[in-house]
Amino acid sequence: MMKLLKVFPRYIGLKSVFSAIIIIAIIINAIELFKKTPKNIAQRNNLPFYFLGMKFAGLDKILGGVTRIGYYTDRDLSKNSEAAQFSQAQYILAPAILDPYNLNHAFTLFDCSSQEKCQEKIRASNAIPLKKNQFGVILAGKKP
Amino acid sequence: MLLSTRLFLSMGLGLGISAYIVFCSFLFLDRLDNLFVIAGHFILLALLVFIGRQSFRKEDFSLMNFRKLKSAGIRRVIPWIVLAASGLTLYLHAGLYPLGGWDAWSCWNLKAKFLFLGGADWKNILDPALWRSSPHYPLLLPLVNVWGWIWAQDTAPIIPLINSVLFSLITVGLLLSGLKMVTGRNTPGILGACFLITLPFFNTLATSQYADIVVAYFVLAALLCFVIAWRGENKIFLFLTGLFLGFLSFSKSEGTIAALILAAIMTVTLLVSRKTKGSLGLNSVLYFLSGLLIASLPTIIFQLLYAPPNQTFTSIFSGLTERVGLYRLKAIALFFLAELTSAKWGGIWIILLAGMILSVKKSLRQEKIVFPAFFALYGLTVAFYYWLNTYFEILWWLSVSLNRILFSLLPAALFWILYSFWEDNNKEGRKA
C-alpha cells in the first residue's frame, strides 16, 4: 500500500488529481444547472405576475411632483410577502416616499384585504378617493 | 499583457469612472444633469487619448491579429467559447427575474430611481423613512444604472439587468484571462470559470441585480492587479490596484470594509517586502496610495456629507446578557460551517480548502500572502460584526446575508488556489 502511495504521484500528478476533482464537480453542477434552468423558465412563464408592485403602476402619474405620500394597509408588514409588496410599491412609486400608516399626507394609498375595509378607513381618515385601479388599490386625497 | 485581461479590467474601470462622473453631477450641481455627465465623459476621453497617444502607437494588439489566431488553433478559442456560454447562461438566469431580486427593488434600483427621477430631491434616498433600503449604503451600482438610464432616457428595467450580466461576465472573464496571464496556461482559467458558471447559485445571485457581484469583481480586480504589479514589477498596476480598491469602497458597506482591510494588508506587504526596497522601489507605495486616495474620494465625500447613520444597528453592549453573546458566537461559528458545506455551493469551498492544503507552501508564498491574510481578517471582521450588531435575529440575518459575503469572495478565492496550483508551469506567465 505504502509502495503504491509513493509511486502514485509519479504517474498521476497532484495537479491532475485536483483537476479531475474540479471537473467532476463541474459535471455534477452542470447537470444540476441543465435540469433546473428550463424548469425555472417554465415556472416563471406560468406566473400571472412578474412583480407584485405592478399593482401600483400608473398611480405615480397622478402624484406629479409629490415627494411623500401615506400608505395604509390592514395587512401585517412584518410578514415577508406583505413587506415585499410594500417594497415593490415603493419601487414603482419612487421618487415619492411611501410613509406607512401615516394618514396625514396630502395623498394616501389604501391597499387593503377588502374594499370595505379600505372605504371604512378612508372615511375615518377624512379623505376622498381620487382613483382606484383594477387591483383595488385606492389613491385618496385629504379633504380640504 | 493579454488583451483580454486588459479588456476585462478596463470594462470595470470604465464603469467605475462613469459612476464617479455621474456622482460629480450630484456633488457639484445637486441634481442629475445629463449634459454635464455626457460632456464629462467626452472631456475625460479626450484627455486620456491625449495622454495615451504615444502608447497607442507602440501597442501590439496581438489578439486582433487573425493570422495568429488561426495558427493558435482551438486552444485559443476555448476560453472565448467558455465566455460565450457563460454569457448565455447568465442572460437566461437574468431573464427569470427581469426586475431583480428583493434587494434590487428594495435597495439598489430604488436608489437609482431616486437619483434619476428625484431632481433636486435626490437626497430623499437618505431619508430615515426608507430604512428598508439601507440609506447608509454607498452608491456605485445605482450610479452605474443611472448612467445607463441616461442613454435609455427612461428607468428601463433592462439597464440594471444588462449591468448585472455585464459585471458577472467581466468577473468570469477576468478570472479566466487573469489566470491565463499569471500561469501562462488556459487550464486553470477554464476550470475556474466553468466551476463558477455551472453553479446555479452563482448564476442566480450574480444576476439578481445586487451589488455583491460588483464587490466580487472589484476584489478580484484589485488582487489581480496587485499580483501583476508584483510579478512584473510594474508600479502602474499598483496605481490601478489602488483605483480598484477605491471603487470597491464605494460599492457596498461590506466593500468599504474589504477595501480598508485590503489596503492595510497591501501597504504593509509593500512596506516590509524586499522587492519594494529593491526592484519595485519605495515610491511604489506612493503609486498604490495615490490611486487609492483618488478613487476613494467619492466614498469619503459620501460618508462625510451624505450618509446617514446605520439605522439597523444595535450594539450587543446595550443591555444584553453575557449568555446572549455566547449564543450568538456559537450560532455564527456553526452557521459559517453549515454555509461553507451547503449543497448550494456544489462543494466549491471544500474543494478550495483541499486545494489550499495541497498547495499550502505555494499558496502562502510572497505576494500570495495577501489572499489568506485578507480572507482571514475579513472573515473575522464580518463574524465580529454579526456578533456585535443585535438589531436582527441572528439566524435569520446569517441566512440572508452570509451566502452573499461568501459569493463576493468566491472569484478571488478561486483565483488564489488555482494560481497557486498551476504556478510551476508558468514560464511564459513570468515573462508577462
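The values are calculated or read from the model by the stated rules, or taken from the named source; none is laboratory data. Quick caveat, the model's predicted, so the values are computed rather than measured. When we count neighbours, we look across all protein chains shown, and the Cβ atoms used for this are built from the backbone with ideal geometry, even at glycine.
Here the range B:119-155 is the region considered, the condition is being within 13 Å of chain A (Cβ to nearest Cβ) and of a type in the set (Gly, Ala, Ser), and the residue that is surrounded by the fewest Cβ atoms within 10 Å (Cβ to Cβ) is B:Ala120. When the criteria are applied in full, B:Leu304 fails the requirement of being among the aliphatic types (A, V, I, L, M), outside any helix (DSSP H, G or I) and over 22 Å from the mean Cα position of the chain (by Cα). Among the criteria (1) in a helix (DSSP H, G or I); (2) touching a Gly at 6+ places or on another chain (Cβ under 8 Å); (3) buried (at least 18 other Cβ atoms within 10 Å of the Cβ); (4) in contact (Cβ under 8 Å) with a residue 24 or more places away in the chain, the one B:Ser25 does not fulfil is (4).
Restricting attention to the range B:310-344, the residues being assigned to a loop (DSSP other than H, G, I, E, B) and modelled with pLDDT under 90 number 11.
Checking each residue in the range A:113-144 for being at pLDDT 85 or above, hydrophobic (A, V, I, L, M, F, W, C) and out of contact with any Pro (no Cβ under 7 Å at 6 or more places or on another chain) picks out A:Cys118, A:Ala124, A:Ala127, A:Ile128, A:Leu130, A:Val137, A:Leu139. Count of the range A:50-70 residues, restricted to those that are under 19 Å from A:Lys142 (Cβ atoms), surrounded by fewer than 20 Cβ atoms within 10 Å (Cβ to Cβ) and touching a residue at least 12 places away in the same chain (Cβ under 8 Å), is 6.
Scoring B:Ile170 on the criteria (1) aliphatic (A, V, I, L, M); (2) out of contact with any Gly (no Cβ under 6 Å at 6 or more places or on another chain); (3) more than 11 Å from B:Phe415 (Cα to Cα) leaves a single failure, condition (2). Every condition in (1) surrounded by fewer than 24 Cβ atoms within 10 Å (Cβ to Cβ); (2) on the phi > 0 side of the Ramachandran plot is met by B:Gln209 except one, and the failing one is (1).
Considering every residue within the range B:239-250, establish whether at least one is free of Cβ contacts under 8 Å to residues at least 40 places away in the same chain, under 17 Å from B:Leu409 (Cα atoms) and of a type in the set (A, V, I, L, M, F, W, C). Yes: one or more hits. Does A:Ala94 qualify as being free of Cβ contacts under 8 Å to residues at least 24 places away in the same chain and more than 8 Å from every other protein chain (Cβ to nearest Cβ)? No. Filtering the range A:111-139 to residues that are within 24 Å of B:Phe114 (Cβ to Cβ) and surrounded by 18 or more Cβ atoms within 10 Å (Cβ to Cβ) leaves A:Asp111, A:Val137, A:Leu139.
Yes/no per residue for (1) at pLDDT 75 or above; (2) under 30 Å from A:Ala89 (Cβ atoms); (3) assigned to a loop (DSSP other than H, G, I, E, B); (4) facing another protein chain (nearest Cβ under 9 Å):
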position	(1), (2), (3), (4)
A:Leu4	no, no, no, no
A:Val7	no, no, no, no
A:Val17	yes, no, no, yes
A:Ala25	yes, no, no, yes
A:Ala30	yes, no, no, yes
A:Ala42	yes, yes, no, no
A:Pro48	no, yes, yes, no
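Looking only at residues in the range B:355-387 that are surrounded by fewer than 15 Cβ atoms within 10 Å (Cβ to Cβ) and either farther than 22 Å from B:Thr269 by Cα or among the aromatic types (Phe, Trp, Tyr) (or both), the one that is farthest from the other protein chains (Cβ to nearest Cβ) is B:Phe384. Among the residues making up the range B:101-118, those that are under 12 Å from A:Ala94 (Cβ atoms), within 7 Å of chain A (Cβ to nearest Cβ) and in a helix (DSSP H, G or I) are B:Trp105, B:Ser106, B:Asn109, B:Leu110, B:Lys113, B:Phe114, B:Leu117. The one condition from (1) assigned to a helix (DSSP H, G or I); (2) modelled with pLDDT of 95 or more that B:Trp131 does not meet is (2).
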